[in-house]
Each structure stands twice: as C-alpha cells, then as structure tokens.
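Novice: Sending over a structure as structure tokens; questions will come in a sec.
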Amino acid sequence: MDRITRKGLKQDKFAVEFQHTVGYLTEHRTQSLRWGAAGAAAIVLIAGFFTWRSHEGSARRTALAAALELRQTPVGPPQADSFVRPFPTEQEKIKAEIAKFSDIASKYPSSGEGIIAEYYLAAIAADQGNMAGAAKALKEVIDSGNANYASLAKLSLATIYKSEGKISEGENLIREVIAKPSEFVSQEQARIALAQYVASSNPAEARTLLEPLLTSNRKAITQAASTELGSLPPR
C-alpha cells in the first residue's frame with residue numbers, strides 16, 4: 001500500500017475530501033487499485049482487470065504491471081532479507097514513476113492502460129502539491145473518449161477545483177456525470193458526490209439530492225446517503 005505522508009493542511013483537506021468523494025465508486029466493482037499517496041488520493045477502477053485479464057502477454061499490460069510494481073517499491077536502505085532493491089530517496093522514486101507512467105501514457109494514449117497511467121500521473125502531481133499538473137492529467141482522461149474513465153476523472157477534477165476555490169466549475173463537472181452516468185459512476189453515486197460538494201454552501205440542495213437515495217436497493221448507497229444526511233445541519 002502506498003505510504004501516506006502529510007504535506008500541509010491544504011493538501012490534507014484535499015485528500016480527505018477526495019477520498020470521501022470517490023469512496024462510493026468501488027461498490028460491487030472489480031477489486032480496485034487506489035491511486036495517490038502523500039497529500040491526495042484517487043481511484044482507478046478495474047486497473048487490475050486491464051492488467052491481469054488475460055494470460056496472454058501484451059506490451060501494454062506488461063508496461064503497466066511494471067509501473068504499478070515500481071509504485072510499491074520502498075525507499076530506504078537495502079534489507080538483507082529482501083530481493084527488492086529500494087530507492088535511496090523519495091525524489092528518485094518519484095522521478096522513476098513519472099518516467100514509467102509518462103511512457104505508457106505517451107505510447108498507448110487511447111488504451112485502458114494509457115488512461116490508467118494518466119490517473120497515476122495526476123496522483124503523483126497532486127502528491128507533490130502540483131494541482132495544475134494533476135488537473136492537466138485528469139483533463140487528458142476526460143478527453144480520451146472513454147466515458148467510464150471520464151466520469152471518474154470529472155469527479156476527481158471537481159475536487160481539485162473545489163480545493164482551488166473554483167466551486168462552480170467543479171459543481172458543473174459533477175452535474176455532467178449525474179446527467180450522463182457511466183458503468184463506473186452511477187447516477188446515485190454522482191448525486192452523493194454532489195451532495196458532499198454543496199453540503200456547506202447549500203445544505204437544502206444536498207438534502208434534496210440525498211433523501212431519495214434512502215430507498216435505494218443498494219445497501220451501500222442508502223448507508224452513504226444516511227451518513228451524509230446525518231452530517232447536514234438541522235432544517
């Protein structure tokens with residue numbers, strides 16, 4: 001699991017808000033890979049599926065598997081009982097990760113692996129406090145033409161926009177997902193994300209978004225909606 005450190009209140013707040021936003025997206029999905037580390041977190045759904053779905057080798061899957069393995073490589077002095085060669089510094093590890101994921105994104109831009117690589121580039125940028133770089137990578141995902149990944153990227157980008165005070169831009173992105181949900185983000189999940197997004201500025205709308213979800217046939221949705229409703233101020 002990615003080692004998590006903290007790099008300041010603003011990034012901590014961003015991380016927590018993002019985790020809350022996307023926490024519902026993995027309900028009943030393939031075991032998902034998380035993306036993110038130090039001041040931010042994000043999700044790449046079915047990355048494992050793209051990587052391991054076939055016993056037949058492919059350059060894309062091999063490259064992505066190697067990049068994800070690199071992501072797990074520790075930092076520090078070598079351990080006598082380990083065959084894994086750690087990175088001497090965090091900076092060297094980050095440099096290697098960026099090189100790996102950038103290569104995949106560049107070589108296979110329209111593939112699932114290429115899109116996943118863009119997500120990880122966004123995560124790495126956010127970890128470094130480079131929200132402009134994270135936003136750029138997420139926009140690449142949105143523009144990829146893959147509606148499923150684009151819906152995830154819109155929720156992620158909305159959270160970045162919120163951390164930067166671009167409230168209306170972020171809200172519009174979530175509303176786009178509500179209008180056109182995907183296999184990865186249902187309309188119910190997007191409604192919860194929007195309710196979280198507007199809870200402090202417009203609790204009445206948040207309540208309106210959440211209350212119909214209390215009768216959802218998906219237990220996780222009803223629980224999430226109930227939890228969010230409980231966090232809203234009284235009428």
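Every read-out reported here was derived from the displayed coordinates using simple, explicitly stated rules and does not represent laboratory data. Computed from a prediction, not measured in an experiment: that's the story for all the values here. Neighbour counts are summed over all protein chains in view; Cβ atoms, including those assigned to glycine, are modelled from backbone coordinates with ideal geometry.
Novice: Grab the Cα-Cα distance for THR222 and ASP103, subtract it from 0.36 nm times how many residues apart they are, and report the gain in nm with one decimal.
Specialist: 38.7 nm
Novice: While we're here: Between GLN187 and ARG207, how high is the FRET efficiency from 1/(1 + (r/R0)^6) when r is the Cβ-Cβ distance and R₀ = 22 Å? Nearest 0.05.
Specialist: Efficiency computed from Cβ-Cβ geometry: 0.80.
Novice: A further question on this structure: Around LEU209, what is the net charge, scoring Lys/Arg as +1 and Asp/Glu as -1 over all other residues with Cβ under 11 Å from its Cβ?
Specialist: Numbers: positive: ARG175, ARG191, ARG207; negative: GLU188, GLU205, GLU211, GLU228.
Summing Lys/Arg as +1 and Asp/Glu as -1 gives -1.
Novice: Can you flag which of LYS139/LYS166; LYS136/LYS166; LYS100/LYS166; LYS100/LYS139; LYS107/LYS139; LYS100/LYS136 are past 22 Å Cα-Cα? Intermediate results must be reported in sequence, preceding the final value.
Specialist: Details: LYS139/LYS166 15 Å; LYS136/LYS166 15 Å; LYS100/LYS166 31 Å; LYS100/LYS139 20 Å; LYS107/LYS139 18 Å; LYS100/LYS136 18 Å.
Those over the limit are LYS100/LYS166.
Novice: Same structure again: Taking a point 7 angstrom from the Cα of VAL75 along the C-beta vector, which residues in region 93-115 have backbone N less than 15 Å away?
Specialist: 93-99
Novice: Could you state the number of Å between the C-alpha centres of region 133-152 and region 153-178?
Specialist: 12 Å
Novice: How many nm is it between the label spots at LYS166 and LEU232, if each spot is 7 Å from the Cα in line with the beta carbon?
Specialist: 2.8 nm
Novice: Still on this structure, please answer the following. What FRET efficiency comes out for the pair ALA59/GLN91, r = Cβ-Cβ distance, R0 = 25 Å, nearest 0.05?
Specialist: 0.30
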